[in-house]
Amino acid sequence: IGHPEIFPLVLTTKTQEIFNCRVDEDVTEENCFKIIKKEDITQDLETRANISDFYPVRKVVLEYPGEELLVVFDAKFQYGQNFYIVASEEAKENLVKPPETAEEEEEKEGIEETLDPFKPLVPKPWVSLGSEKEVEEESVKENVTKIKFKISRVRRKFGAPIAFTDKNASHGTDGYVECTSYEDKTFSIKMLQKDVGLQIVPKVRETSTQTKWTYPKNAATQYCPRQLSEEEKAESLSSEKLKEFLTSVLLRVEIALQQNEIMNAFFDDWKALAEDKSSSDGKPDIYLKAHRSFTNQQYLKDRTISCVCWHPTISGIIAVSARQQLSYEEQVKLSNKSLLHQSVILFWSFSDPMHPQLILECPEDIYCFQFSLSDPNIIAAGCINGQVVLWDISQHGQNLQNEKPVADEGVNSDSEATAVAEVATKVSPGVMPSLTQVQQSSTEPPLLKYCAVSSIEYSHKKPITDIQWLPGHFEVRNNIIQLFCSSILFWDIPAIEHQEKPLSGVPDTSKHLDLSWKPLIKISLHEKDTNTEYGPIRIILRELHYCYKAPGKAKSLSAVKAPAKERPYTEISSSSSKNLEVLENISTNFFVGNEDGVIVYSDWKMKIDANSAKTTQKYSLHTETINTLQRSPFFKDTFLSIGGQNFAIWKEGVTNGPILQSSCSAGRYTAGQWSLARPGVFFIGRDDGNIDIWDLLKKTHEPSHFQNISKSVITFISPWTASPEQHFLAVSDNLGVLHVLEICQTLSHPSSNE
C-alpha cells in the first residue's frame, strides 16, 4: 500500500545462487541492493517456466522499460517476503540514490555561509611605542678610532717556494714580537651587572688532635707497710665496705665474661674475608645446576608428583609418589571413591635415570610418605581416602645398593610397550592387563605390594596431608607414627621380623594388620567453644617426645573416660584438658597450619585457670592453604610457613606475630624447604615453575636469586646432602617430572658467624 512499484517475491536458495544474491554473503541488511539484467530473468523464465521464482512477476519483468531491474533483500520482511523487485526506473533511482531532504540542503547552505572565505593578510604601518630606544641603547656602536696597518712585500717574492725550519723565537728580531697584557691606568670600566651562580655547601675543616705532652719530671715516693692487729683484720674483713667492693668486682667480671662470649677477641678477620667466594665480577655465584631428571611415561604421564623422599641410608636413591591432577573440589569428591588407575611409588637411582629400581603398589593415590627413622626398610604413606599404608622393602634393599651398569640405559620405553602388548595378547580381548601381569612378563623392576593398610572405618575421613615418624625414644608401646589431617591419629606398629628369603607374593610380616589396623590415639582439633573442626592441616610438634620419656607420664596421655573396649582409640580434645594430668617442666607447644591459611600456636596442656594467660594464638596471614610448615634444621624454636602469595618465619614464645613476613608476590607459593647447610637460606617453589632462593644475610625484602626449573607448577622440594662438598635439591612439578639440581658452593657453605 502506497508503493505500487514494489512487488514482493520469494527467492529460493537455488535462485539466489543462480543470480549471485545469496543472503548474508552477496546481500546483507546493510548492502541489500542487487542489480539483475532483464535478459537474465527472461532467460530464467524460458528455462524453468512456471517453477521459476520470477514467474509470479513475469508480466512486470516483461513490461519493464529498462535493461536492468533492482532486486532488494528485505531482511525485516517489511513487504512480507525475503526479497522484492522494483518495477520503475524512478523508484530504482530513489532507492539507490535517495534525494537529499530540504533540511539537509538548508544545513549545507548554513555551513557554507558560516565558513568565511580566505582573505590575504595586508601589512599595516608600524606604530612606534618607544621600544626602538631600548634597542638603540643595547646595540653596540663603534666609538674607537680604528688603527690601520699596511703590509707589503717585494714583488719578486710572490709565488716563491717556502721552506719551513725550526728556530728559537727569541733569536729572531723580525719574525717574533711578544705583546703582553698590561693594566691601562688611563681609564677603567665599571661592571654594572654580573651573573653569578651560588651553591651552599657545608664548611669543611681538617683538624687533628693528640694527647697533650707534659715534660718529664723526677719524683720520689717513700712509704712504710701498715701493720694491722688481729682485731683490725677481722673488723676489716667483716665490714660492709669490703663486701660492696667485692660485689661490684664480681659483677664486672661477669659482664666481661659475657662480652667475651658475644665478641671473640681472638677472631681472625682476615681469614673470614676469604670465605666470601665471589666470581670475577665481584658478585657471588648463585645458581642451581641441573644434575639429573627423572620421569616415566607409564606411571607419571598426566600425573603430578605429590611427595619426594631421599633414602636415609643408601646414597643416590630417591623415591617419588604421584597422584591425579585434581583441583581441591575434585579431591573432596574423590576422597571416598576408589580410583580407576593403579597408583605407585617409584624408586630412582642416580646410576640409571631411565628406569625405576623398585615400584611400590598403592591402593589409592599417595599424598605423603616417609621412611622409618629406626628401620629405613619400613615405609608409611597416607592416601587420598585417609588410609595408612605400610611397605617392607627389606628383601629389595640389596638391589637398591647394587648400582646398574650404564649399558642398561639402552632399554627404552619401546621395550616396555612391547611387554605390555605381549601380555595383552595373552589375556582375553578387550581387557587391559593388570600391573602385576605386566611386571611378570617384562624386564621392569620388581613390583612390591603393600604389607598392611589401615581400616577404612577408623582411618581419616579426608586426605592425609602430612606424616611423621617418631624416633625410638618416642614410645608408648613400640614404634609410633603420627598423621595429620583435620584430626591427628597415633598408630602403633608392631616389630616386623624381616624374612631372609625373597617373597614371591605379598609379604605376610604384617598380614594381621591388613584392613584391621586401628589407631591408638585420636586428637581432634576444632575451634574453641564450637564443634567446627579445622580443615586439612599441617602441624609441627615442639618437644612432645618429653611426654613419653617417663613411662609413668605416658599413661596420662592415654587416659580416657570410656574403657578401651568401647572405643577403637583414645580421643583427646585440644580445647579441653579436664582428663589430663598436669605435666611439669616440659614444652608442649605446637604449631598448626590449616587450609584457610590460619596459623595456630597452641599447647597440648591447655590451662583451665581463669586467671591464667591465653595459650592459643591464631594468625591469619596467608590467603590460601598452608602447604609448608617446617622447623629450621638449626633452630628448634624457629619455623617457616608458606601459603598463598607470602611466607612467614615464626619463633616460639613470640606471640605478637611472625618475626619476618614477606610481602605478597606476583604468583602463588606452592612448596618450600629450609637449606640443610645454611641457617639463613631457604627455597620456595612457585606456580610459574620458578624457584626463589632467599638468603636472609643478603636481602630480606626480596629473593636474592630466582631460577626457572619447569614450565609447570612446582609441587615439592626436598634437599639432600651427599657430601660436605656436594649438596642436591630435588624439585618436582605438575607434569610428573623430577628435577635433581646441584646447589652451588655459595648456598652450601655457611659463613663462620651465620
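The values are calculated or read from the model by the stated rules, or taken from the named source; none is laboratory data. From a predicted model like this one, the values you see are computed outputs, not experimental measurements. Methodologically, a virtual Cβ is constructed for each residue, glycine included, from the backbone with ideal geometry; neighbour enumeration extends over all protein chains shown. For the accessible areas, the whole protein counts, side chains as well, though only heavy atoms, and no ligand, DNA or RNA atoms are used. Shrake-Rupley method; radii C 1.70, N 1.55, O 1.52, S 1.80 Å.
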**Study point:** So GLU178, is it modelled with pLDDT under 80, out of contact with any Pro (no Cβ under 9 Å at 6 or more places or on another chain) and open to solvent by 100 Å² or more (accessible area, probe 1.4 Å)
**Key:** yes
Exercise for review: Please tell me if SER208 is under 60 Å from the mean Cα position of the chain (by Cα), of a type in the set (Gly, Ala, Ser) and not in a loop (DSSP other than H, G, I, E, B).
Suggested key: no
Exercise for review: Identify the single condition in (1) more than 22 Å from THR638 (Cβ to Cβ); (2) part of a loop (DSSP other than H, G, I, E, B); (3) free of Cβ contacts under 8 Å to residues at least 60 places away in the same chain that PHE706 does not satisfy, given that it satisfies every other one.
Suggested key: (2)
Point to revise | Top-ranked residue in region 1-58 [being within 20 Å of VAL96 (Cα to Cα) and polar (S, T, N, Q); ranked as surrounded by the fewest Cβ atoms within 10 Å (Cβ to Cβ)] | key: ASN31
Review point. Tally time: how many residues in region 632-644 are within 23 Å of the chain's Cα centre (by Cα) and open to solvent by 40 Å² or more (accessible area, probe 1.4 Å)?
Key: 1
Study note, to complete from the structure: Scanning region 645-691 residue by residue, those of a type outside the set (S, T, N, Q), more than 24 Å from SER732 (Cα to Cα) and open to solvent by 10 Å² or more (accessible area, probe 1.4 Å) turn out to be LYS651, GLU652, GLY653, VAL654, PRO658, ILE659, LEU660
Point to revise | Residues (part of a helix (DSSP H, G or I) and hydroxyl-bearing (Ser, Thr, Tyr)) located in region 119-139 | key: SER131
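For region 705-732, which residues satisfy the criterion of being of a type in the set (S, T, N, Q) and open to solvent by 30 Å² or more (accessible area, probe 1.4 Å)? Break it down stepwise before answering.
Of the residues in region 705-732, the ones of a type in the set (S, T, N, Q) are 707-708, 710, 712, 715, 718, 721, 723, 726, 732.
GLN707, ASN708, THR715, THR721, SER723, GLN726 - these are the residues of region 705-732 that are of a type in the set (S, T, N, Q) and open to solvent by 30 Å² or more (accessible area, probe 1.4 Å).
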Study note, to complete from the structure: Pairing a residue in region 23-51 that is without any contact (Cβ under 8 Å) to a residue 40 or more places away in the chain and under 18 Å from VAL10 (Cβ atoms) with any residue that is part of a strand (DSSP E or B) and not charged (D, E, K, R), where Cβ atoms lie under 6 Å and the two sit 6 or more apart in sequence or on different chains, gives LYS34/VAL27; LYS34/VAL71; ILE36/LEU69; ILE36/VAL71
Exercise for review: Return the residue satisfying two criteria in turn: it lies in region 63-83 and is assigned to a strand (DSSP E or B) and touching a Phe, Trp or Tyr at 6+ places or on another chain (Cβ under 8 Å), and of such residues it is most open to solvent (accessible area, probe 1.4 Å).
Suggested key: PHE73
Revision key, fill the gap. Checked pairs for region 220-248, first small (Gly, Ala, Ser), second surrounded by 10 or more Cβ atoms within 10 Å (Cβ to Cβ), C-beta under 9 Å and 6 or more apart or across chains, list as SER236/LEU228; SER236/LEU242
Exercise for review: Could you list, in sequence order, all residues of region 348-374 that are touching a helix residue (DSSP H, G or I) at 6+ places or on another chain (Cβ under 8 Å), open to solvent by 10 Å² or more (accessible area, probe 1.4 Å) and more than 18 Å from HIS739 (Cα to Cα)?
Suggested key: GLU361
Review point. Considering region 440-480 alone, what residues qualify as being among the aliphatic types (A, V, I, L, M), at pLDDT 65 or above and open to solvent by 20 Å² or more (accessible area, probe 1.4 Å)?
Key: LEU447, ILE456
**Study point:** Test for LYS301: is it of a type in the set (D, E, K, R), over 23 Å from PHE682 (Cα atoms) and either at pLDDT 65 or above or assigned to a strand (DSSP E or B) (or both)
**Key:** yes
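If you scan region 226-246, which residues turn out to be in a loop (DSSP other than H, G, I, E, B) and open to solvent by 100 Å² or more (accessible area, probe 1.4 Å)?
Step one: filter region 226-246 for residues in a loop (DSSP other than H, G, I, E, B), giving 226-229, 238-239.
Across region 226-246, the qualifying residues are ARG226, GLN227.
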Check your understanding: Picking from ASN20, ASN50, ASN31, which residue would you name as being part of a helix (DSSP H, G or I) and not small (Gly, Ala, Ser)?
Key -> ASN50
